[in-house]
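The values are calculated or read from the model by the stated rules, or taken from the named source; none is laboratory data. Every value quoted in this text rests on a predicted model; they were computed, and no experiment measured them. Positions of Cβ are backbone-derived with ideal geometry, glycine not excepted, and every protein chain shown enters the neighbour counts.
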Amino acid sequence: MKMRVKFTKTGYLKYLSHLDVVRLFTRAFSRANIPVKFSEGFNPHPKFSIGNPLPLGTESLAEYMDVELIEDMEPREFMQKLNPILPKDIQIIKAEQTKSKISLSSIIEWSEYEVRLMVEEDKRDFFKNKLEGWRELQYIEITKKKKKGKKKIETRIDILPLIGDISYKGIDEDSFIILECILKSGESGNLRPIELIKALEEELILGIDLDLVMIKRIEVLREEDGKKTKPL
């Protein structure tokens with residue numbers, strides 16, 4: 001059977017690499033006596049996959065993983081056994097049995113983020129107004145660097161088709177502007193929030209300190225018949 005799992009990655013553990021997260025769960029499954037299925041061959045490893053891992057330094061309330069088990073297990077028991085073993089900043093918040101044979105990476109198309117950033121005070125209203133009219137823009141460009149042999153080639157790319165939504169949510173107690181955005185995230189395209197913020201800064205000259213930008217993934221989404229839904 002297969003268990004589909006939703007878990008968090010917050011706090012200091014946002015700096016844990018994808019490989020380190022894989023190692024962490026490998027050890028946790030063993031310590032919690034989770035009956036994980038192993039691959040065959042000379043170097044057997046537990047069969048689980050994490051869909052669409054985040055860039056280093058990004059918090060998440062919505063990481064997803066498929067785990068193959070050799071015997072049936074109730075989702076509640078799975079969570080009760082595993083969560084006490086895991087660190088507090090990586091916790092399973094939902095689990096369900098699934099019969100789906102489709103990989104997570106192939107169904108995830110969008111990620112929803114909360115972004116907090118500092119904009120010069122006299123430009124905040126200007127920024128808000130520009131954001132509210134973002135759908136009227138003809139294009140938003142970023143510069144991508146690619147290697148071709150020993151040369152690095154810069155190309156300008158229109159990221160507008162990679163944006164599902166951008167909304168202004170207000171200002172927090174520390175004077176950070178709060179945005180929510182839905183961006184392409186998967187095999188059909190990918191746009192990182194920091195790339196969007198860089199493009200907005202380049203276009204609008206807002207005085208954004210990129211080192212102070214805080215990003216948190218709220219959810220990942222698949223799209224069917226024009227509707228965006230959660231994978232779990």
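Consider only pairs whose beta carbons are under 9 Å apart and that are at least six residues apart or on different chains; among these, list those whose first residue lies in region 34-59 and is at positive phi and modelled with pLDDT of 90 or more and whose second residue is assigned to a loop (DSSP other than H, G, I, E, B) and hydrophobic (A, V, I, L, M, F, W, C). Going by the 9 Å Cβ cut-off, there are no qualifying pairs.
Just so you know, in region 42-64 the residues that are in contact with an Asp or Glu (Cβ under 8 Å, 6 or more places away or on another chain) and aliphatic (A, V, I, L, M) include one that is nearest to D89 (Cα to Cα), and it is L61.
Applying a threshold of 6 Å to beta carbon distances and a minimum spacing of six or more residues, or different chains, the list of pairs starting in region 84-109 at a residue that is farther than 16 Å from L69 by Cα and ending at one that is outside any helix (DSSP H, G or I) and hydroxyl-bearing (S, T, Y) reads D89/T10; Q91/T8; L104/Y64; E109/S188. Checking region 80-102 against the condition returns no match, with no residue being out of contact with any helix residue (DSSP H, G or I) (no Cβ under 8 Å at 6 or more places or on another chain), surrounded by 20 or more Cβ atoms within 10 Å (Cβ to Cβ) and either modelled with pLDDT of 95 or more or in a strand (DSSP E or B) (or both).
A Cβ distance below 6 Å, combined with a sequence gap of six or more or placement on separate chains, defines the contacts here; from region 2-15, residues that are in contact (Cβ under 8 Å) with a residue 60 or more places away in the chain and over 7 Å from D66 (Cα atoms) reach no residue that is in a helix (DSSP H, G or I) and not basic (K, R). Within region 158-179, the set of residues being under 17 Å from I140 (Cβ atoms) and either without any contact (Cβ under 8 Å) to a residue 24 or more places away in the chain or of a type in the set (D, E) (or both) comprises D158, L160, D165.
Kindly list the number of the only condition in (1) surrounded by fewer than 10 Cβ atoms within 10 Å (Cβ to Cβ); (2) modelled with pLDDT of 90 or more; (3) not acidic (D, E) that fails for I163. Against the list (1) surrounded by fewer than 10 Cβ atoms within 10 Å (Cβ to Cβ); (2) modelled with pLDDT of 90 or more; (3) not acidic (D, E), I163 comes up short only on (1). The condition (being over 22 Å from the mean Cα position of the chain (by Cα) and small (G, A, S)) is satisfied by just one residue among S105, S111, S60, S39: S39. Of the residues making up region 26-78, those that are surrounded by fewer than 17 Cβ atoms within 10 Å (Cβ to Cβ) and acidic (D, E) are E40, E68, E71, D72, E74, E77.
Do the conditions hold for I178, that is, is it in contact with a strand residue (DSSP E or B) (Cβ under 6 Å, 6 or more places away or on another chain), over 17 Å from F127 (Cα atoms), of a type in the set (A, V, I, L, M, F, W, C) and surrounded by 11 or more Cβ atoms within 10 Å (Cβ to Cβ)? So I178 does not fit the description; no. If you go through region 195-208 one residue at a time, do you hit one that is under 27 Å from S103 (Cα atoms) and touching a residue at least 12 places away in the same chain (Cβ under 8 Å)? There is at least one residue in region 195-208 that is under 27 Å from S103 (Cα atoms) and touching a residue at least 12 places away in the same chain (Cβ under 8 Å).
Scanning region 114-138 for residues that are more than 15 Å from G164 (Cα to Cα), without any contact (Cβ under 8 Å) to a residue 60 or more places away in the chain and more than 25 Å from the chain's Cα centre (by Cα) yields E121, D122, R124, D125, N129. Listed conditions (1) at pLDDT 90 or above; (2) out of contact with any helix residue (DSSP H, G or I) (no Cβ under 6 Å at 6 or more places or on another chain); (3) within 24 Å of F176 (Cβ to Cβ) are all met by M118, apart from (2).
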